[in-house]
Amino acid sequence: MADPDRQCATCGRQLSRYNPDRHCGACSVTARATATTFPFVPPAVWLDDQVRQALGAWDWSIVLPAVIEHTGASQIQIAAATGLSQAHVSRLATGACDCFDIRTARRIIEGLGIPSALAGLTPPGLGTVEASTTNSYGSADAGQDEEPEMRRRTVLAASAAAPFAAILAGASTQANLESARRVRSIVGDLYRLDDQYGGDIVGEVASWCARRVDQILNTTDLAEAAGRELRIAYGELAEMSGWLNFDAGRYEQARMAYGEALQAAQLTDDLNLEVLVLASMNTLARYRGRPREAIQLAQLAQRRAAGWGPPRLLALLASREAVCWAQLGDPGSSQAAMRRARHVFTPAIRPEDPPWIAFFDDAELAARRATAAGYLGQRDQRIDQMRSAVDQLGPSYQRNRAYYSVRLGLSQLDLGDETGACQTVAPVLPLLTTVRSGRAHARFTEFHTRLRRNGSRPARDLLDQAHALRLVGQAV
């Protein structure tokens, strides 16, 4: 029997005169469920083909049962996490009703940590990707594709971020060592995406992930071990963001990101991360025309790696120092540093190698030698070494394949071999439609601009192909 003078403090319903609590039975159960952290949903759940299709259609009769099956969560816990009633959750889970209301959908997506992109919503910070679509010929129709291109890049970035959103959502609710290690695993996935797409798109994802980790670090109570692991993860993501911004040609953003990464490395006393950041700062300084600063950074990195750095790492640092000496016009110092690099370099990955060093293989060493030769005016050596770099590239390094091939083509143009240059660059033109690397596209801009000065048949064929792929405007 209801007591007209007493109401539930949560929902306002009249309480039974036999109920001594301030809440009705349903709200008491929900309150108990709320007190328990909603279980972490493994990212594999969202990436299941059936669940992905259901998320795209907002078919909660497939999504919610999948969450319950993989986490053991109850409908009451889902209701508590989303702010919906248990009855509403039950109707959605059984298919008794549909939900196409965006406000309700957002409650479910945010409450369960569902990657927004998979449900047709862009994660915060990924909807403002700037597109640069003005073609190199400056044709009048350059802006017509700007909006579709911007949407395409935003969708690519959001799709790439989708699996990471679930991991970061888990870290914010389960701030422990295991969740922090899952966050660090994001960095390896970003490296693989970088190899496929380049920095212009993946940089947005890395920056967004770094901001989310920084937010967790500053708003969540963390045990010492979990806090250190997450701080290192932040440093690695900041460094990755710096590298990707550098690859996209955004040097000032790269510099600031490297500063954040270096601070994280020093706060955690992580020498591996510190050396990685110094090596990245070396490359940025070289591209900004600051070879003396770049040499100092490379030498500092070598001192920080002394005594523990594996041969592959020491070879990388020495080869980068060699390139900077060449940029400064000092062949003796450049050759001495390159000899050190070649002496200690080991092509096989060793257990002691840091994970990020995997990119530095025979192809990368050859590319460094080609760059040094170019600075020193050794044209034949530059071509031989860059051709070696292209030939030795693994199948996953699509960005480098496009970038190195165009660099090789430019070197061939320097020697007057226009036909050979076109034969080198033509096979990678399709790659340039998916690789969003500012460095690669800048070199290709230089390449096709030089080709336009000549009227040879190979040059006309390549320019026509580039136009057909919408890489440039109409060839004239």
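The values are calculated or read from the model by the stated rules, or taken from the named source; none is laboratory data. In this text the structure is predicted, and so the values were computed from the model without any measurement. In this analysis, Cβ positions are derived from the backbone assuming ideal geometry, glycine residues included, and neighbour counts consider all displayed protein chains.
Summary table below
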item: Residue selected from region 436-458 under the condition surrounded by 15 or more Cβ atoms within 10 Å (Cβ to Cβ) and of a type in the set (A, V, I, L, M, F, W, C), by the criterion nearest to A254 (Cα to Cα); result: A440
item: Failed condition for G249, given (1) on the phi > 0 side of the Ramachandran plot; (2) in contact with a Leu (Cβ under 8 Å, 6 or more places away or on another chain); result: (2)
item: Residue selected from region 373-387 under the condition among the basic types (K, R) and surrounded by fewer than 21 Cβ atoms within 10 Å (Cβ to Cβ), by the criterion modelled with the lowest pLDDT; result: R379
item: Matching residues in region 343-359 - criterion: being modelled with pLDDT of 95 or more and either under 26 Å from the mean Cα position of the chain (by Cα) or loosely packed, with under 14 Cβ neighbours inside 10 Å (or both); result: H343
item: Among (1) at pLDDT 95 or above; (2) over 24 Å from L276 (Cβ atoms); (3) more than 24 Å from the chain's Cα centre (by Cα), the one test that A370 misses; result: (2)
item: Filter result (surrounded by fewer than 21 Cβ atoms within 10 Å (Cβ to Cβ) and either of a type in the set (A, V, I, L, M) or touching a residue at least 60 places away in the same chain (Cβ under 8 Å) (or both)) within region 286-304; result: L300
item: Filtered residue count, region 410-468, keeping only those that are basic (K, R) and under 31 Å from the mean Cα position of the chain (by Cα); result: 3
item: Those helices (runs of 4 or more DSSP H) lying entirely in region 30-82 with at least 3 residues surrounded by fewer than 16 Cβ atoms within 10 Å (Cβ to Cβ) and at pLDDT below 90; result: 49-57
item: Region 193-234, residues that are in a helix (DSSP H, G or I) and polar (S, T, N, Q); result: Q196, S207, Q215, N218, T219
item: Top-ranked residue of region 194-220 - restricted to ones that are aliphatic (A, V, I, L, M) and at pLDDT 85 or above, ranked as nearest to the chain's Cα centre (by Cα); result: A206
item: Selected residue (criterion: surrounded by the fewest Cβ atoms within 10 Å (Cβ to Cβ)) from residues of region 231-269 that are over 19 Å from G199 (Cβ atoms) and charged (D, E, K, R); result: D269
item: Sole residue being closer than 25 Å to A326 by Cα and either assigned to a loop (DSSP other than H, G, I, E, B) or in the same structural domain as E178 (by TED's automatic domain parsing) (or both), chosen from E260, E239, E252, E293; result: E252
